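**Student:** Have a look at this one.
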Amino acid sequence: MKYHFQPLLILLGILTALSTSAPAPARTAVAPPDDAPGGDIRGIVSDSTTGEKILGVNVRVMGTTRGATTNLSGFYLIANIPGGDWQVVFSAIGYERKERTVRVKPGEQVTVDVRLFPRLIETREVVVEGQSTGALLQRNAMVHSMTAGEFKNLPTSGQPDLLRALQLLPGITSTSDASAKFYVRGGAGDQNLFLLDGMKVYNPYHAFGLFSVFDPDIIKNVDVYTGAYPAGFGGRLSSVVNVTTRDGNLNRIAGAANMNFMSGKLRLEGPIADDNAWLVNGRTSLFSGAINRLVPNPAPTTFYDLFFKGTAGTSTGRVGFRGYFSGDDVRPNDITQPDYQWRNSAVSAVFSSLQGERLYFDVVGSYARTTIARMSKDGNTPPATSFLDEVSLRGEFSLFTDGEGTSFEGFEFSFPSINNSFPVVSGGTREIKDGQVEVSVWYRYEGEWGPWRFNLGLHSDLMLLSTGGELLQGIQPRVMVAYDLGGTWNMRLAAGVYTQNLITVGNEDDLVSLFDAWLYLPKELRPEEAYHGVFALEGNVFPSLAASLQVYGKRYPSLTLYNSVKVFPDDPDYINGDGLAYGAEFLLRYSSPLADLNASYAWSRVDVTAGGVSYPPRYDRRNTIKVLGTGHILSNLDLTLRWEYGSGYPFTQGEGFYSRLTLSDLGRDPFPGGTTVRTRVLGPKNAARLPAYYRVDAGITYTIPLGPFRAIFGASVVNLSDAKNILFYDRTTGRTQYMTPFFPTASFTLEY
Amino acid sequence: MMRKLWYILACALGVSSCNQPFTPDAPGNTRLVVYSVLNVEQGTQYVMLQSTFPTEPGAPIRDATVRMKSAGDVVQFRDTVIERASASGTAERFDVYVANNVSVKKDQSYALEATTPSGLFARATTTALALPDLYIKSPGALRPGGKGPITLAASFGSVTGAWEMHFSIEFYALINGGWELHREEVPLKQYEDNAGALVNVYSRLSPVPGWVKTDIPLVVEFDTLLYQKTRTRISQTYPAAPVVFIYAVFSLTQVDNTLYSYYYIANGTEDKTSIRLDTPEFSNIAGGVGVFGSSARVYERYTLRE
């Protein structure tokens, strides 16, 4: 036990002696010193059963401090290793460890491609984020990495879902069961950047936010940056969700079919020739009535999505294409409610390769279109439509240096074009068209120095600079410094500056915002801006129990908020405000062959100020406890329980009514007269709190072999206790609408 | 392990089953509703005092302490009931607080405070407006056979938010054997609706254009033809004897920004081209709702009797 608290003592020592501490001496290498230039070890690591390239494999040269982590293409490079025979170790969670003896000749490159075997019996090794994959790429960032397997078996109300799974992470909250839209550490819902294989996704939700467009079956890995994210990501203030899809099975034709109470889906994948793979995945709604149980008003909902991908691999890179299409239609039974239609389409081409000896680059070119339409049934109101088209080219060059570091230089050109049409009270429409060129470049250096690790970068928004933006907005520093405290413990400090030029017009006061059209900020307003600061302490208390503490602060010098005191048409709809968010998050992860437990507590606070009025925004949840437990009852039977508590969200209380005088004859008679209108009086904005949120979900999955197939039976119960969590209160009718009720579902999956 | 899991489940269910009460309205948070328009040209000032209510309006607030302070002077309002003619001509009774012989000074700040016996309190301030300037630029147009538009020039104080102008004809008409003084308004414009009926348009409160300065007045024109038509209609209405036209009366009212903002919202004239769907609210009453603003009015008369 004494050992487990040693890192805390070390931390205290570090904090008091930080200014004088010198880097710890490098671990002694057993290899003989060699003054001659060394050689490089490089290669690609893939899954032995599917051929899928594995991201985040920890590659270490034994007897040295040298190592690397595989990138999205499974590629790694360890530069300047002295000549000789070396033991190189490849390890990744979920795979058997592999060792290879490699002969390095000075001045030469040795290619070592490795196939790792998935572990048949998973030994439950718990390691905190960043440590799990070991080396530079993830250890140097404030990131939660998840694989599809981590959220596919969660109890759900129909669809396993990435964004719902993300809400298990501390610091991420949602304002309703009926929406996958989430809020990260006090950031608004439009401040999250979604990337699908490098393509921006502007509307990542299906069924008006019930779940996301990211089908777990196509996902290889998800990196979630909840704050202080590194150079290379820009344009959003709060978080980054970076989704990497699978390439497809390189060894054989494979597939899966799934049916549940809400949808059916089919996935097919396979090889074409050596190292070339394809993957097609489609989903469509089957029982639109099931969704009615989960949403406030009966609204038959249909949806579909289709994803396809082709990848050709080479010994040092790959080339590929992918396409994505999705659509949703909601047609409420209520004739006073409008119909909604959402469409997404995107195609992209990727090319990545090693150029020369140590320069690796990834380039993604893409075109994407997002449309939303709101159509009234009476035919008298013009439809509201929103079109967002974007062509973009994104590239990043990785330069592996002789030392223990890698530098990254990247660029992104994007040409978003917005064409919105809104019906207005006067009966017509208001057209808002805007097209801009966005150019950003970045530089990032990731390195190690004894027990110190660092990720230093600059992210530059060139268009902001060229249009008179402030220096700190145009050139945004991003810094992360980590210190290994010994054992598995480490502490990190990260900070960064972020800006955002696009917002959604949806009112953050809306519980479920259906028409989230994107808009460029009005020219007269400052870009939205945020400063992040995060401190983290992480490590293993026991070998099977990991703990993480993160404390963060986010200052928003500039936010774009509704002008709550708008009176006249000439008054702006939006004004600049500011905000402050801060909080602490504590995460425990326990794992054993019999059970896994993931428990977190988050305390947070956010206040925004606009027009001289300060208030907590709609999504300011102060206390959140999330517990997810999975019992491995049998080798093929898992039982999952999920419990969540969230303190109440703010809302504005009514304070009765008053007889409002119109003073309609003011120009003729100053006496306070005129007709009276019964008008509601509201209290201070968001000064009251809704009741706390509770929910228990349970799920069970049972897997059996059926000849060449694998059958997976799943059953879930959402809101087991039928807790009455308030979705909204209709002040006019006095009706309270609750979130998802007790809701049992089942699913069946057949995999080949 | 299974026992532990069931135990966790039972605990979670236990806690989750505790549904809490929800109170959408703040209990008992009654606020004062204050309406008052400080008027520079008259000595009597009015304050209307009400309170918010949970469902239906309650009885008028009696015995409240209502004071208006300015530069060390305190004006006390008294609780009373007055009777005034409504727009339809019938008498209406109003529960108001009244102060007589109040000398309102232009550009001076006034603070209104109201405290009820039950402890409700509200406060608001306003700045008294200066009287606007108004003169007739083309009096010849008002004479019999006059031609060209009837043009007036108006100048405002710097804190003016909006203005409104009216043009009336005062006349004596023989009715039931006696001469009675009457007033008839001349419309600013007239148009024909879809049914072919003529619709009169009168001045409404409008924001003062930014270019209007003390030395660059606002010019307002009335149609001479509409003036003549109004005179003709008056004469036809009272055929017993020739009508005696006394005055052409022009009134110019200006109100401050606060009052105009309230008026704009209360009369449903929100931004009809906005993409926003929320309904704004406006009040300058600290601790309550309503409005305390300032207005000023001048009259310009032109003698018609020859």
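**Student:** Residue by residue through region A:676-692, what is 3J(HN,Hα) from phi via Karplus (6.51 cos²θ - 1.76 cosθ + 1.60, θ = phi - 60°)? Round to whole Hz and write x for glycine and proline.
**Tutor:** 10, 10, 5, 10, 6, 9, 9, x, x, 4, 6, 7, 9, 10, 5, x, 5
**Student:** Follow-up question, since we're still on this one. Using modelled amide H (1.01 Å from N, peptide plane; none on Pro or chain starts), what sits under 5 Å from the amide H of B:Tyr202, excluding residues fewer than 5 places away?
**Tutor:** Amide H neighbours of B:Tyr202, under 5 Å, 5+ apart: B:Leu188.
**Student:** Which ³J(HN,Hα) values in Hz, rounded to whole numbers, follow from the phi angles of region A:393-404 under the Karplus curve 6.51 cos²θ - 1.76 cosθ + 1.60, where θ = phi - 60° and Gly and Pro get x?
**Tutor:** 9, 10, x, 9, 10, 10, 10, 7, 9, 4, x, 8
**Student:** Let me check I've understood the local charge: for A:Leu72, count other residues with C-beta under 12 angstrom from its C-beta, Lys and Arg +1, Asp and Glu -1. What total comes out?
**Tutor:** -2
**Student:** Quick one: buried accessible area between A and B, total over both chains, 1.4 angstrom probe, nearest 100 Å²?
**Tutor:** 6000 Å²
**Student:** Counting helices only, and only those DSSP H runs with n ≥ 4, report the 222 nm mean residue ellipticity of chain A as the sum of -39,500 (n - 2.57) divided by its residues, in deg cm²/dmol to the nearest 500.
**Tutor:** Mean residue ellipticity at 222 nm (helix-derived): -1500 deg cm²/dmol.
**Student:** What distance in nm separates the two pseudo spin-label positions at A:Trp449 and B:Arg84, each 7 Å out from Cα along the beta-carbon direction?
**Tutor:** Spacing of the two 7 Å Cα→Cβ label points: 7.8 nm.
**Student:** Cα atoms only, chain B: Rg and Dmax in Å?
**Tutor:** Every Cα atom of chain B included, Rg and Dmax give 27.2, 110 Å.
**Student:** Give or take rounding to whole Å, what are the principal axis extents of the alpha carbon atoms in region A:425-504, in descending order?
**Tutor:** The Cα atoms of region A:425-504 stretch 68, 29, 16 Å along their principal axes.
**Student:** Sticking with this structure for a sec: Could you state the number of Å between the C-alpha centres of region A:687-706 and region A:246-269?
**Tutor:** So the two Cα centres are separated by 25 Å.
**Student:** For region A:186-290, with every protein chain kept in place, what is the accessible area per residue (1.4 Å probe, Å²)?
**Tutor:** 23 Å²
**Student:** Report, by chain and number, residues whose modeled amide H sits under 5 Å from the one on A:Leu690, excluding near sequence neighbours (fewer than 5 apart, same chain).
**Tutor:** A:Tyr649, A:Phe651
**Student:** Using a cut-off of 30 Å between alpha-carbon atoms, which lysines can reach A:Lys105, once sequence neighbours fewer than 8 places away in the same chain are excluded?
**Tutor:** Leaving aside lysines fewer than 8 places away in the same chain, those within reach of A:Lys105 are A:Lys53.
**Student:** Mind putting together the pair-distance distribution for region A:522-608? All Cα pairs, 10 Å bins, whole percent per bin, short to long.
**Tutor:** Pair shares across the bins are 15, 29, 21, 17, 11, 6, 1.
**Student:** Okay, next question. What number do you get for the protein assembly as shown when its Cα radius of gyration is normalised by 2.2 N^0.38 Å, N = residues?
**Tutor:** Normalised by 2.2 N^0.38 Å, the Cα Rg of the protein assembly as shown equals 1.17.
**Student:** If R0 is 45 Å, what FRET efficiency do you get for A:Ala715 and A:Thr101 from their C-beta distance, rounded to 0.05?
**Tutor:** 0.35
**Student:** For n ≥ 4 DSSP H runs only, could you compute -39500 (n - 2.57) per run for chain B, divide by its residues and tell me the 222 nm figure to the nearest 500?
**Tutor:** Calculated from helices alone, the mean residue ellipticity at 222 nm is -4000 deg cm²/dmol.
**Student:** Just tell me, in residue order, which DSSP H segments of chain B are both 18 angstrom or longer along the helix axis (alpha-carbon based) and at least -1.0 in mean Kyte-Doolittle hydropathy.
**Tutor:** Answer set is B:2-16, B:224-237.
**Student:** Sort largest first and round to whole Å: the equivalent ellipsoid semi-axes of region A:367-424, each the square root of five times a Cα gyration tensor eigenvalue.
**Tutor:** That gives 46, 9, 7 Å for the three semi-axes.
**Student:** Let me ask something additional. Using the Cα centre as the reference, give the magnitude of the dipole from point charges on the C-beta atoms of region A:64-120 (Lys, Arg: +1; Asp, Glu: -1; all else neutral), rounded to the nearest 20 debye.
**Tutor:** Result for region A:64-120 is approximately 100 debye, rounded to the nearest 20.
**Student:** Run a plain Debye calculation on region B:29-122 (Cα atoms as equal point scatterers, no solvent) and give log10 I(q)/I(0) at q = 0.18 Å⁻¹, rounded to two decimals, same order as the q list.
**Tutor:** Values returned for q = 0.18 Å⁻¹ are -0.88.
**Student:** Can I ask one more? Rounding to the nearest 10 and keeping the result within 0 to 90°, find how far the Cα-based axis of helix A:2-16 lies from the longest principal axis of chain A.
**Tutor:** Tilt of helix A:2-16: around 70 degrees.
**Student:** In square angstrom, what is the accessible area per residue of region A:528-584 with a 1.4 angstrom probe?
**Tutor:** On a per-residue basis, 34 Å².
**Student:** For each pair in A:Lys433/A:Lys523; A:Lys181/A:Lys309; A:Lys377/A:Lys433, compute the distance between the two Cα atoms and list the pairs where it is over 23 Å.
**Tutor:** Exceeds cut-off: A:Lys181/A:Lys309; A:Lys377/A:Lys433.
**Student:** Right, next: Using the Karplus equation 6.51 cos²θ - 1.76 cosθ + 1.60 (θ = phi - 60°), what ³J(HN,Hα) coupling, rounded to whole Hz, does each residue of region A:41-52 give in order, writing x for Gly and Pro?
**Tutor:** Computed from phi, the couplings for region A:41-52 are 10, 8, x, 10, 10, 9, 7, 5, 8, 10, x, 4 Hz.
**Student:** Place +1 on the Cβ of every Lys and Arg and -1 on the Cβ of every Asp and Glu in region B:161-258, take the dipole about the Cα centre, and give the residue among B:Thr258, B:Ala195, B:Tyr238 whose Cα lies farthest towards its positive end.
**Tutor:** Of the listed residues, the answer is B:Tyr238.
**Student:** Heavy atoms only, probe 1.4 Å: what % of the accessible area of chain A goes to carbon and sulfur, would you let me know?
**Tutor:** Within chain A, the accessible surface is 61 percent carbon and sulfur.
**Student:** Further question: If you only keep lysine pairs separated by 8 or more in sequence, or across chains, how many in chain B come under 24 Å at the Cα atoms?
**Tutor:** 12
**Student:** Using +1 at the Cβ of each Lys and Arg and -1 at the Cβ of each Asp and Glu in the protein assembly as shown, identify which of B:Ala130, A:Asn725, A:Thr371 lies farthest towards the dipole's positive end.
**Tutor:** Working it through, the farthest residue towards the positive pole turns out to be A:Asn725.
**Student:** Distance from the Cα centre of region B:50-106 to that of region B:216-238, in angstrom?
**Tutor:** One Cα centre to the other: 36 Å.
The values are calculated or read from the model by the stated rules, or taken from the named source; none is laboratory data. Treat the numbers as computed from the prediction; the structure is a model and nothing was measured. Methodologically, a virtual Cβ is constructed for each residue, glycine included, from the backbone with ideal geometry; neighbour enumeration extends over all protein chains shown. Side chains included, ligands, DNA and RNA excluded: accessible areas come from the protein's heavy atoms. Shrake-Rupley method; radii C 1.70, N 1.55, O 1.52, S 1.80 Å.
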